[in-house]
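Take a look at the structure below.
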Amino acid sequence: MADVLIFCHNNFMIDSDNLSRNFISSGLMNLLRIILGIVIIYYIVERSLFSWNKEIPSIYFFTIQSNLILAIYWILSPLVRKKSHPVFSLVVTTNMVITGSIFIMLIDEGFTDKLYLMLENKIISSMVHYISMASSIITHYMMPALALLDFLVFVDLGTLKPGRKIFVLIYPICYFIFHLIYSSLSGNFIYPFFDPDFVGGNVLVVLLTLGMVAAVFLIGIGLVALNRLVQGRISHYFKKLLQN
């Protein structure tokens, strides 16, 4: 943990020497990231104000937290040292891929009814319904897709050290610990698949959690490989274009 804190202290800070060059060379991309970051925060705040689930605050959900982390990263990206971009981008993109994937595989495919039933909220006003629908599309589909696109096309992993891939596990593991503490104290489960009664026992919950941790790491490795493939194709395309 000390190494993680030292890394963040040394890298996530204003680089005054490169700040102006970053704005000039990638000003449009930085502006777009800032705008998207503001959009995310807007929908997070809106969803919190009109949340259909009053028992569990919206900020406790992995989706909201991962989108908020993405928004903060995008808004502050012009201030991040260039050599630090690969690590932060890999971490936030991994989180967003998890957000989109779990929603599509579990919640969006027949899991919604069970989730609503477990949260004991069967009546949703039309206004809250439409706000929830809009924020759900933004946070579960659009932002994961845009984060992945940004990572694959605009992030150069040339300075990424092999050992840095392990950083993708920090936030998911912290979230699992937070969920364990919260559910133990409140008796509420943010996600049903962490409820022993719903899944079928504590052993299955532990196995599911370990499987998710392994999957997160594999997603991180896969994203690095995919990024290098896409960046290689882009580099080859521009070299060929210049030769012609």
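The values are calculated or read from the model by the stated rules, or taken from the named source; none is laboratory data. If you're wondering where the values come from, they're calculated on a predicted model, not measured in any experiment. Counting neighbours? That spans all protein chains shown, and the Cβs are built from the backbone with ideal geometry, glycine included.
Pairs linking a residue in segment 174-195 that is closer than 12 Å to Thr209 by Cα to a residue that is among the small types (Gly, Ala, Ser) and at pLDDT below 90, with Cβ atoms under 8 Å and 6 or more positions apart or on different chains, are Phe194/Ser183; Asp195/Ser183.
Quick grid of which residues meet (1) modelled with pLDDT of 80 or more; (2) more than 24 Å from Val45 (Cα to Cα); (3) assigned to a helix (DSSP H, G or I):
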{"position": "Asn95", "(1), (2), (3)": "yes, no, yes"}
{"position": "Ile102", "(1), (2), (3)": "yes, no, yes"}
{"position": "Thr112", "(1), (2), (3)": "no, no, yes"}
{"position": "Leu115", "(1), (2), (3)": "no, no, yes"}
{"position": "Lys122", "(1), (2), (3)": "no, no, no"}
{"position": "Tyr130", "(1), (2), (3)": "no, no, yes"}
{"position": "Ser136", "(1), (2), (3)": "no, no, yes"}
{"position": "Leu152", "(1), (2), (3)": "yes, yes, yes"}
{"position": "Gly163", "(1), (2), (3)": "yes, yes, yes"}
